[in-house]
Amino acid sequence: MKKLSLQLMNESFAVNKLAQFAELPSIFAKGEMCFIMRTDEELTIICPDFMAPNNVQQETGWKCMKVVGEMGLKEVGVLASITGPLAEAKIPMLAVSTFNTDYIFVMEENLVHAVQALQKVGHEFVHGE
C-alpha cells in the first residue's frame, strides 16, 4: 500500500446541496478553498463553514485531510490507501480529487479515529506548508 503524507486543514467545512441549475453564489469567486461540482441532479459546494449558503440542504462540521504533494492523474491506489483503512474503521468519508491532489473529509467527531486508522497503516501527518 502506498504510504502518504497528509495535512490536516484548520477549517471546518460544510457540504451543501443546491438545485441543479442554481446560480453559484458570488462568495465562491473569492480566494477561499472550496469545491464546486454540478451534475445532472444537483450543484454541490464544499466550503468552509463560514461561507456556507443559507437555506440549502447541508451538513456542517467536516474536517479535511489533504494529500501532500502533486500526483499525476494516472497515479493508482492513492484513494484506496486512505478509503480502505477508513472503511475498516467504519468511518464515513467524502473524497474530492483535483488536478494536483486528493482531499478527504471526515466528520469532526470521527477525526481522531480517522487519524489513528491512517497512521496505523503507515500514513504520516505533517504540518502545513
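Where a number appears in this text, it was derived from the coordinates with a stated rule and is not lab data. Owing to the predicted nature of the structure, the values given are computational and were not obtained by experimental measurement. Here Cβ is always computed from backbone atoms with ideal geometry, including for glycine, and neighbour counts include all displayed protein chains.
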**Message:** Within the range 1-17, list the residues whose amide N lies under 13 Å from a label point set 7 Å along Cα→Cβ of MET37.
**Reply:** 15-17
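For the chain, what is the mean residue ellipticity at 222 nm derived from helices alone (per DSSP H run of n ≥ 4: -39500 (n - 2.57); sum divided by total residues; nearest 500 deg cm²/dmol)?
On the way: 2 runs with 21 residues, N = 129.
Helices in the chain give a 222 nm mean residue ellipticity of -5000 deg cm²/dmol.
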**Fill in**
Free-by-geometry Cys in the chain, Cβ-Cβ under 4.7 Å as pairing rule, reported as CYS64
**Request:** Return the Cα extents of the range 12-68 along principal axes one, two and three, sorted largest first, each rounded to a whole Å.
**Result:** 33, 21, 20
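Test of understanding: ordering SER12, SER26 by Cβ neighbours within 10 Å, fewest first, what list do you get? Walk me through the numbers on the way to the answer.
Working: SER12 16, SER26 7.
Listed from fewest to most nearby Cβ atoms, that is SER26, SER12.
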**Prompt:** How about the range 30-104: which trypsin sites (Lys or Arg not before Pro) there are in a DSSP loop, with at most 16 other Cβ atoms within 10 Å of their Cβ?
**Reply:** LYS30, LYS74, LYS90
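Hey, what's the Cα Rg ratio for the chain versus the globular rule of thumb, 2.2 N^0.38 Å?
On the way: Rg = 15.1 Å, N = 129, 2.2 N^0.38 = 13.9 Å.
Compactness ratio reported: 1.08.
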**Fill in**
Checking the range 17-97 for GluC sites (Glu not before Pro) in a loop per DSSP with at most 10 other beta-carbon atoms within 10 Å yields GLU23, GLU41, GLU70
**Complete:** Which residues qualify? For ASP102, with a placed amide H closer than 5 Å and at least 5 residues away or on another chain, they are VAL67
**Asked** For the chain, which longest stretch is free of loop sites, where a loop site is one of the chymotrypsin sites (Phe, Trp or Tyr not before Pro) that DSSP puts outside H, G, I, E and B and that has at most 12 other Cβ atoms within 10 Å?
**Response** 22-98
**Complete:** XL table LYS17/LYS120; LYS17/LYS74; LYS3/LYS30; LYS3/LYS66; LYS74/LYS120; Cα-Cα > 22 Å flagged, in table order, is LYS17/LYS120; LYS17/LYS74; LYS3/LYS30; LYS74/LYS120
**Fill in**
Rounded to the nearest 10, the angle in degrees between the Cα long axis of helix 78-88 and the longest principal axis of the Cα atoms of the chain comes to 80 degrees
